[in-house]
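Inspection log for the structure reproduced underneath, given as structure tokens.
The values are calculated or read from the model by the stated rules, or taken from the named source; none is laboratory data. Nothing here was measured: the structure is a model prediction, and the numbers come from that model. Using ideal geometry, Cβ is built from the backbone for each residue, glycine included, and neighbour counts are taken over all protein chains shown.
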Amino acid sequence: MSAFVAIDIGNTHTTIGWWDEDRWKHEWRLTTKAVRTRDEWTVILDGILRRGGFPDSRIQMIAISSVVPAMTGHLSFASEQLGLPTRVIGIDDVKSLNIAYEPASAVGPDRLCGVAAAIHDYGVPVIVVDLGTATVIDVVNESRTYLGGIIAPGVATAAESLHQSTALLPKAELAFPPQVVGRNTIEAIQSGILNGAIAMIDGLVLRIHQEYGPATVVATGGFAKLLEGQSATINHVNSRLVLDGIRVLATGVWS
């Protein structure tokens, strides 16, 4: 059996997943740095894939979802230099999904992949909450129409902005304080960022439910595990939702 490799290039991190024997056997997380040359990325990708078993383990395909155009070119080049079939996920891969967003081409491939995996795993209607550099909420109704979404500052982005924009507030570790009302400055910041993020997500999801009806809510992204169990509206957490979406779209599992 040949392996499948998915690459999720985000604004902050690039995640590489190795799918084999019906599971993600390996996963690597790198800092996204478009300043590296395509030759540097070829060396990096070669080294990572060798840790997974390449070239002894045959790779069926490398599929890429990217929100950083320069990185798309770098990783595509690296994959092709290693002699591997390469596919870049885009709007044409979700033709069976009605897209009400305008223009449809503006929907990021990471959002398309997350939605595709959520539909595949949980059905419709479904709401995807992606907690990354930005907090992005996407909505698909019972007719498999992608209605659009909501984009807000991400957890780390909000924390960094607060620190950079104030003279006296320190940088706080992103962890939940013992109680919602902070008893010192660090706890107050932690509560504001994390409990504030939960309140925003729950409030927006409830408003979506009011406008469009109830739907399954799936959370993903780098901060999904941190917030797991804190939300009143999130039903499932899958930190590999985008990788799953890349796989189902690239291999034809999703339709």
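Observations on the structure shown:
- Put simply, of 22, 8 the only residue that is out of contact with any Pro (no Cβ under 8 Å at 6 or more places or on another chain), among the acidic types (Asp, Glu) and modelled with pLDDT under 95 is 22.
- Any hit, the range 106-113, residues being closer than 19 Å to residue 212 by Cβ and either out of contact with any Cys (no Cβ under 6 Å at 6 or more places or on another chain) or in contact (Cβ under 8 Å) with a residue 40 or more places away in the chain (or both): yes
- For the range 36-43, the criterion of being polar (S, T, N, Q), in a strand (DSSP E or B) and surrounded by fewer than 18 Cβ atoms within 10 Å (Cβ to Cβ) is satisfied by no residue at all.
- Residue identified as over 18 Å from residue 247 (Cβ atoms), in the same structural domain as residue 197 (by TED's automatic domain parsing) and under 15 Å from the mean Cα position of the chain (by Cα) among 128, 115, 124, 107: 107
- Output for the range 112-130, where each listed residue is crowded, with 24+ Cβ neighbours inside 10 Å and not β-branched (Val, Ile, Thr): 112, 113, 114, 116, 117, 118, 130
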